[in-house]
Amino acid sequence: MRIAVVHRDRCHPIKCGKECILYCPRVRTGDETIVIGEQGKAVISEELCVGCGICIKKCPFDALDIVTLPEELDNPTHRYGTNGFALYGLPIPVEGKVTGILGANGIGKSTAVKILCGQLVPNLGNPEDDSNWEGILKQYTGGTELYDYLQQVSKSSVKPSLKPQYIDFIPKVFKGTVAELLKSTDERGGMLDHYIHEFRLESILDRPIGKLSGGELQRVAITACLSRDADFYFLDEITPPFLDIYQRMAAARLIRELALTRPVVIVEHDLAILDMLADTVHVAYGKPSVFGIITRPKGVRIGINQYLEGFLPEENVRFRDYAVTFETRFHTHDAARQTLITFPEMEKNYGDTFSLRVSAGEILAGEVLGLVGANGIGKSTFAKLLAGVEKPDRGEMDKTVKIAYKPQYVKADSSVSVEFLLSRPAVRLIPHIISMKLLNLCPLPPRFFSHR
């Protein structure tokens with residue numbers, strides 16, 4: 001089976017010479033394999049296309065993708081219009097279990113969740129036909145868990161609760177305080193107070209949503225999701241860089257508590273948290289914005305290791321041409337390394353609210369220094385002192401050393417273009433100072449993941 005995708009945001013026929021049509025071998029023989037549609041964008045006939053790939057190479061805007069798929073994937077679950085993204089397969093929510101989805105962004109995870117929530121009726125790859133649940137249920141074998149679940153969705157008897165991936169949109173749709181937002185989600189009789197205590201949210205309840213930090217907003221979003229009385233819970237990335245190790249463990253523990261009685265589906269890129277939290281895993285693979293395939297459920301250990309390997313034995317599919325491997329490094333006292341930078345004892349005080357004391361130390365050549373600790377403990381302040389962004393109240397850094405610094409929170413406070421910033425002379429990075437959370441510091445080797 002062959003699918004052709006036209007990225008409409010990048011297709012500009014009025015700005016190019018219509019190279020896709022000009023160089024297509026089938027067009028030259030008289031077939032209308034590629035035409036300009038009514039919306040002024042290229043339209044590719046998948047039945048006539050031979051998959052030569054010439055149009056892909058000739059398009060000046062990289063607006064085309066043509067992929068040949070196995071014949072057994074002849075029936076998509078859903079497709080977004082002619083020459084649009086195609087999704088194959090669905091995850092299966094299971095009562096009393098946490099189902100994980102592991103895969104790249106843009107692979108169809110959000111589309112799958114919309115279908116499971118009843119927000120989107122799958123069209124089985126026929127975007128021009130009117131979707132109906134009766135025809136969809138015929139595609140799934142009666143008696144399976146997915147069939148039973150979709151049957152409930154078709155009757156609009158499933159109430160979902162979702163925690164979105166992009167939490168920065170929350171302040172744009174809600175202008176009240178944290179307490180006001182959480183009160184509107186309190187549907188499980190007393191569980192809200194439990195979640196507020198576990199996430200240490202008491203001190204920010206009176207704060208406006210728009211004034212929260214990334215970590216605070218993430219904890220509020222998870223609390224709001226878990227506090228709703230729903231039949232199905234979906235959480236997209238509970239452990240972004242905003243949460244420290246303790247907050248991640250608290251989130252995982254609370255989700256496991258909820259999963260004892262309700263089906264939970266999570267999307268998680270932190271493999272250690274996924275291994276601890278999920279009961280089964282669906283691997284999602286394909287080509288972002290072109291097509292996505294969601295496998296049948298796998299054991300957590302098996303699914304994670306197959307994802308790292310880039311090969312799915314049951315499906316006989318290699319979706320990545322390399323395996324993710326982990327180097328073993330040995331640090332010995334006999335290794336002679338050049339000292340790149342030394343820093344003295346330093347102290348930084350922010351009135352009566354916070355103070356940081358730094359012991360003297362040095363960083364050697366070939367090292368990547370990871371700063372591990374809870375949020376608000378001073379990691380970013382330490383990096384700022386090293387980079388010269390902040391001046392210590394006691395002690396002084398060597399000003400001859402140039403250090404490039406990337407802050408935790410990035411704000412677009414400049415009107416210059418990205419091209420201008422990237423074209424500026426690069427600052428030599430001496431050394432690499434990286435502030436990371438514990439579980440993102442180093443992915444764990446495959447042998448770590450074991451079935452619970």
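Quick notes on this structure:
- P(r) of the stretch 59-146 over all Cα-Cα pairs, binned every 10 Å from zero, in whole percent: 13, 45, 32, 8, 2, 0
- Angle in degrees between helix 145-154 and the longest Cα principal axis of the chain, rounded to the nearest 10: 80
- Packing, taken as the mean count of other beta carbons within 10 Å per residue, orders the peptides 381-388, 279-286, 351-358 from highest to lowest as 279-286, 381-388, 351-358.
- One quarter of the surface of the convex hull around the alpha-carbon atoms of the stretch 179-331 equals 12.3 nm², the direction-averaged projected area.
- Dividing the convex hull volume of the alpha-carbon atoms in the stretch 252-306 by its residue count gives 94 Å³ per residue.
- For the stretch 241-373, a/c is not less than 1.5, where a ≥ b ≥ c are the root eigenvalues of the C-alpha gyration tensor, and a/b does not top b/c. That puts it in the oblate class.
- Modelled this way, with points 7 Å down the Cα-to-C-beta line, the labels at ARG320 and LEU120 are 2.4 nm from one another.
- THR261 accessible area, assembled protein chains, probe 1.4 Å, Å²: 80
- Translational diffusion of the stretch 14-56, estimated by Stokes-Einstein from the Kirkwood radius over alpha carbon pairs at 4 °C in a medium of 1.567 mPa s, is 122 µm² per second.
- Three-way shape label, the stretch 209-262, alpha-carbon gyration tensor, a/c 1.5: oblate
- Here the stretch 171-276 is treated with +1 on each Lys and Arg Cβ and -1 on each Asp and Glu Cβ, and its dipole about the Cα centre works out to around 260 debye.
- Spread over its residues, the convex hull of the C-alpha atoms of the stretch 128-226 is 155 Å³ per residue.
- Rounded to the nearest 20 debye, dipole of the stretch 1-107 from Cβ charges on Lys, Arg, Asp, Glu: 460
- R0 of 30 Å, Cβ-Cβ distance ARG188-LEU371: FRET efficiency to nearest 0.05: 0.20
- Estimated FRET transfer efficiency when R0 is 51 angstrom, pair ARG394-ALA179 (beta carbons, to 0.05): 0.80
- 5 Å-binned pair-distance histogram of the stretch 1-134 (Cα, whole percent): 2, 9, 17, 19, 17, 14, 10, 6, 3, 2, 1, 0
- Cα-only Debye scattering, the chain: base-10 log of I(q)/I(0) at q = 0.09, 0.11, 0.12 Å⁻¹: -0.79, -1.11, -1.23
- Cross-link partners for LYS138 among the aspartates and glutamates, with Cα-Cα distance under 15 Å and sequence neighbours closer than 8 places in the same chain left out: ASP148.
- Dividing the summed -39500 (n - 2.57) terms of all DSSP H runs of n ≥ 4 by the residue count of the chain sets its mean residue ellipticity at 222 nm at -7000 deg cm²/dmol.
- R0 of 56 Å, Cβ-Cβ distance GLU362-LYS172: FRET efficiency to nearest 0.05: 0.80
- Nitroxide proxy distance, nm - points 7 Å out along Cα→Cβ at ASN75 and PHE354: 5.6
- Only lysines eight or more places from LYS399 in sequence, or on another chain, were considered; those with a Cα closer than 29 Å are LYS348, LYS379, LYS384, LYS391, LYS411, LYS437.
- Pairs exceeding a 20 Å alpha-carbon distance, out of LYS114/LYS175; LYS211/LYS406; LYS109/LYS287; LYS159/LYS287; LYS18/LYS57; LYS114/LYS183: LYS114/LYS175; LYS211/LYS406; LYS159/LYS287; LYS114/LYS183.
The values are calculated or read from the model by the stated rules, or taken from the named source; none is laboratory data. Bear in mind that the values here come from a model prediction, so they are computed numbers and not experimental data. Methodologically, a virtual Cβ is constructed for each residue, glycine included, from the backbone with ideal geometry; neighbour enumeration extends over all protein chains shown. Surface accessibility is based on the protein's heavy atoms, side chains included, excluding ligands, DNA and RNA. Shrake-Rupley method; radii C 1.70, N 1.55, O 1.52, S 1.80 Å.
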